[in-house]
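The values are calculated or read from the model by the stated rules, or taken from the named source; none is laboratory data. It should be emphasised that the depicted structure is a prediction, and the values quoted were computed from it without experimental measurement. Please note: Cβ atoms are built from the backbone with ideal geometry, for glycine as well, and neighbour counts cover all protein chains shown.
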Amino acid sequence: MATKLLSVVALCSALFAVAAAAAADSPSFVVEGRVFCDTCRAGFETTATEYLAGAKVRLECKHEESEELVHTVEGTTDATGTYHLKVADDHEDELCEVVLVESPHADCSEIKTGRDRARILLTHNSGLATNVRLANSLGFLKEEPLPSCGVLLAQYQLGDDE
């Protein structure tokens, strides 16, 4: 009986050690977002939007007062145009933003001001129950809008007012 009890205690200790090691290796936060090509140059995502695989982004955290860059993480989007940036530590006293770095498509590489960065809150003192932080989508502009964009934008009632 004592041997079984010792076995159970040893197993529990081993499981606790594995769980503690896994928690130590896991990031404090995961920042997720998408990168798109604005194929209509509309300034927002539409049904003609293409999400870019292989786009490069960077998370930049700057000191709130001095604006000194104190932390960066770089990443690349997957086949769905989504990035997942693993971030260590709490960045409560820092201003953190995900910024566009590079487009994988030469004909869709113009950076759209206003869609080139997304501010993200990376602190456990935020009231959020999860460590996943969702960033607004970031977008590049296509050199020439698709031929179907006029009809598409008319559906959004963004055409010329008559």
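Screening LYS112 with (1) of a type outside the set (A, V, I, L, M); (2) under 15 Å from ARG34 (Cα atoms); (3) more than 13 Å from the chain's Cα centre (by Cα); (4) at pLDDT 90 or above gives one miss only, at (4). Of everything listed in (1) within 19 Å of ASN136 (Cβ to Cβ); (2) in contact with a strand residue (DSSP E or B) (Cβ under 6 Å, 6 or more places away or on another chain), the single unmet condition for HIS71 is (1). The strands (runs of 3 or more DSSP E) falling completely within the range 37-132 that include 3 or more residues that are under 28 Å from LEU152 (Cβ atoms) map to 94-102.
Restricted to the range 97-122, and to residues there that are out of contact with any Ser or Thr (no Cβ under 9 Å at 6 or more places or on another chain) and without any contact (Cβ under 8 Å) to a residue 40 or more places away in the chain, the residue that is surrounded by the most Cβ atoms within 10 Å (Cβ to Cβ) is ARG117. Among the residues of the range 141-152, are any at pLDDT 90 or above and touching a strand residue (DSSP E or B) at 6+ places or on another chain (Cβ under 6 Å)? Yes, there is a match, as at least one residue in the range 141-152 is at pLDDT 90 or above and touching a strand residue (DSSP E or B) at 6+ places or on another chain (Cβ under 6 Å). Restrict the check to the range 136-151 and report whether at least one residue is within 15 Å of VAL30 (Cα to Cα), under 15 Å from the mean Cα position of the chain (by Cα), assigned to a strand (DSSP E or B) and of a type in the set (A, V, I, L, M). No, the conditions are met nowhere in the range 136-151.
With respect to the conditions (1) surrounded by 13 or more Cβ atoms within 10 Å (Cβ to Cβ); (2) at pLDDT below 95, ARG58 lacks only one, and its number is (2). For beta carbons closer than 9 Å, sequence separation of 6+ or different chains, a first residue in the range 69-94 that is on the phi > 0 side of the Ramachandran plot and a second that is part of a strand (DSSP E or B) and modelled with pLDDT of 90 or more, the qualifying pairs are GLY81/ARG34; GLY81/VAL35; GLY81/PHE36; GLY81/CYS37; GLY81/GLU50; GLY81/TYR51; ASP89/PHE29; ASP89/HIS71.
Look at HIS84 and say whether it is farther than 18 Å from GLU50 by Cα and either at pLDDT 90 or above or over 18 Å from the mean Cα position of the chain (by Cα) (or both). The answer is yes for HIS84. Answer yes or no as to whether GLU102 is at pLDDT below 95 and among the acidic types (Asp, Glu). So GLU102 does not fit the description; no.
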